[in-house]
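**Q** This is the structure, below, for whatever I ask next.
Bear in mind that the values in this text are calculations on the coordinates, not laboratory data. Remember, predicted model here, so these are calculated numbers, not experimental data. Please note: Cβ atoms are built from the backbone with ideal geometry, for glycine as well, and neighbour counts cover all protein chains shown.
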Amino acid sequence: MTAKKTETINENLDELDRTRLGCLEGLGRIKDILEKTLPPVFGRPAVGDLLPGVLSGKTLANLESKGEGPPCYKAGSRTFYEKETFIPWFLQRCCRKEGRK
């Protein structure tokens, strides 16, 4: 990943609503994992395999129809995403759920 792309991701993360996100340290670990495991470009059907039990392609399609999905591209009828824009969108939707004491 180029320094410019990393800088863009970090700028996007800096703009996120930190109150909603909760624990930034935990999200930093999630961000690191996603940056290492997601391919540079991936299709909507692959999301379920890349983030099993967390997010599905169907959920992304529903969010896109409401204008709430991540930035995407179309190739014919296929929808795909870029890692550098998907990760900030995904992290913005995350928040830590506190366990019961």
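**Q** Would you pull out the residues with amide H under 5 Å of T79's amide H, same chain only if 5 or more places away, H placed 1.01 Å from N?
**A** The answer is R44.
**Q** Okay, moving on. 7 Å from Cα along Cα→Cβ at both L55 and K74: what's the point-to-point distance in nm?
**A** 2.1 nm
**Q** V41's amide H: which non-local residues (gap 5+, or another chain) put their own amide H closer than 5 Å, with H modeled 1.01 Å from N in plane and none for Pro or chain starts?
**A** Sorted by chain and number, the residues that satisfy this are K83.
**Q** Lysine pairs in region 27-101 8 or more apart or on different chains: how many have alpha carbons under 17 angstrom apart? Don't jump to the answer; show the numbers that get you there.
**A** Details: K31/K83; K36/K83; K58/K66; K58/K74; K66/K74; K74/K83.
Close lysine pairs found across region 27-101: 6.
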